[in-house]
Amino acid sequence: MMIEPKFPMDEGLDRFEQDLKSLTPKRFPKELPARDPNWLKIALISWLMGLAAGVLVSAIWTKLMNGEVPIAAPNQVTQKVALSPNSPTTTPFGSLQPGVFGDGLLVGSSRFIATDLDDDYVLQPLMRRNTVNGSRRFSGEASHTSREDSATPNANSFPKYQGQRQLLKMLMESDDLISI
Amino acid sequence: MHSDNLQELFASLSNALVLYARQWCRTPEDAVQEAFIDLANCSSEPTYPKAWLYTTTRRKAQNIARAESRHRNHLEQLIQERGADRADEYWLEPKTRNQIAASEVLEGLDSLKPDQREMVIAKVWGELTFEELAELMNCSPASAYRRYVLALTELKQRVLAASTPCVNKRNSGLP
């Protein structure tokens, strides 16, 4: 409480002042606006931002899990890298464990391989060999070489899924390649 | 400032502040409201919150007055229409304890110099101390006291001069 220094006031003036004070000012017509505490606003905004981020992350995660994001890496491998046997990027597509990416992903990736034969590192060596074998066959050695290839895989052949490879080879070596 | 303190100040000061702000503008409630909002948003509490409120209300009212002057014609028409009820607008009682009419007090206040009117309203109805009045008027407490006494004396003379015919009329028994 502030203690005011004593200021003398004339008695008549003091009475007049008290008289004026008897005129009570009217009540203020408006209410003081309620103020939200700042922390409440901050908490509300943080919560909304967290919610939005959560929804976004879960949407991206779902998209990834459904395999709708194309994995283009295998098709972008250059011919040179694809031919080196020990390079991790030359792991044949067929040797991937299905459980790693799921069946849906494999199906999706196979579609890429089938539609882009020029860049395909699985079929390219076979097709190249097919060309060589074709020329040999025309010169009378075809059946022998073919059998030899399937029995003793070289460094460029793939150890797993031999049955599939065999079938592919047969198809490639067939005379009517275009109809396939 | 703490919400409870703010509510307390609002309850005790808002009425007098409206009276104070009406010197400059026609919507004094807005000026008072804005001043309280500013006080609520103050990072540190002012040394003299009452004086601070009066100073801020004055500034807000002056700003509003500037905006009002842009459509002065419309306001003047409003003032003419509502002129008769001006005293009722600000005070509950029509007369003081000693039977001085509120309208005469208002007229007397309006006839004072602006700084005198400011001081009287702030001191009488705002109940500011001379220390706070000095803060508001940007002078020393002693100077605030002197100026206030002078302003109050002038107001008394004008109000009594205006109310004397009524008193004489009452004393003479005329209707």
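The values are calculated or read from the model by the stated rules, or taken from the named source; none is laboratory data. Keep in mind that this is a model prediction, so the values were computed, not measured. FYI the Cβ positions are ideal-geometry reconstructions off the backbone, even for glycines, and counts take in every protein chain you see. The protein model used for the area step is the full one, side chains on, heavy atoms only, and it has no ligands, DNA or RNA in it. Shrake-Rupley method; radii C 1.70, N 1.55, O 1.52, S 1.80 Å.
A few notes on this one:
- B:VAL159 meets all of the listed conditions (1) open to solvent by less than 40 Å² (accessible area, probe 1.4 Å); (2) at pLDDT 90 or above but one, namely (2).
- Test: B:VAL32 is of a type in the set (Val, Ile, Thr) and under 19 Å from B:LEU109 (Cα atoms): no
- In region A:6-24, the residues that are in a helix (DSSP H, G or I) form Cβ pairs under 7 Å with partners that are open to solvent by 70 Å² or more (accessible area, probe 1.4 Å), at six or more places apart or across chains, as follows: A:ASP19/B:ARG97; A:ASP19/B:ASN98.
- Pairs, first more than 17 Å from B:ASP38 (Cβ to Cβ) in region B:10-27, second modelled with pLDDT under 85 and part of a loop (DSSP other than H, G, I, E, B), C-beta under 7 Å, six or more apart: B:ASN15/A:LYS26; B:ASN15/A:ARG27; B:ASN15/A:PHE28
- Matching residues, region B:102-142, being within 20 Å of A:GLN18 (Cα to Cα), polar (S, T, N, Q) and within 12 Å of chain A (Cβ to nearest Cβ): B:SER103, B:THR129
- Listed by position, the helices (runs of 4 or more DSSP H) inside region B:47-121 whose residues that are modelled with pLDDT of 90 or more, surrounded by 15 or more Cβ atoms within 10 Å (Cβ to Cβ) and under 13 Å from the mean Cα position of the chain (by Cα) number at least 2 are B:49-69.
- Residues in region B:91-133 that are of a type in the set (Lys, Arg) and under 23 Å from B:ALA61 (Cα atoms): 3 in all.
- Residues in region B:23-41 that are assigned to a helix (DSSP H, G or I) and open to solvent by 60 Å² or more (accessible area, probe 1.4 Å): 2 in all.
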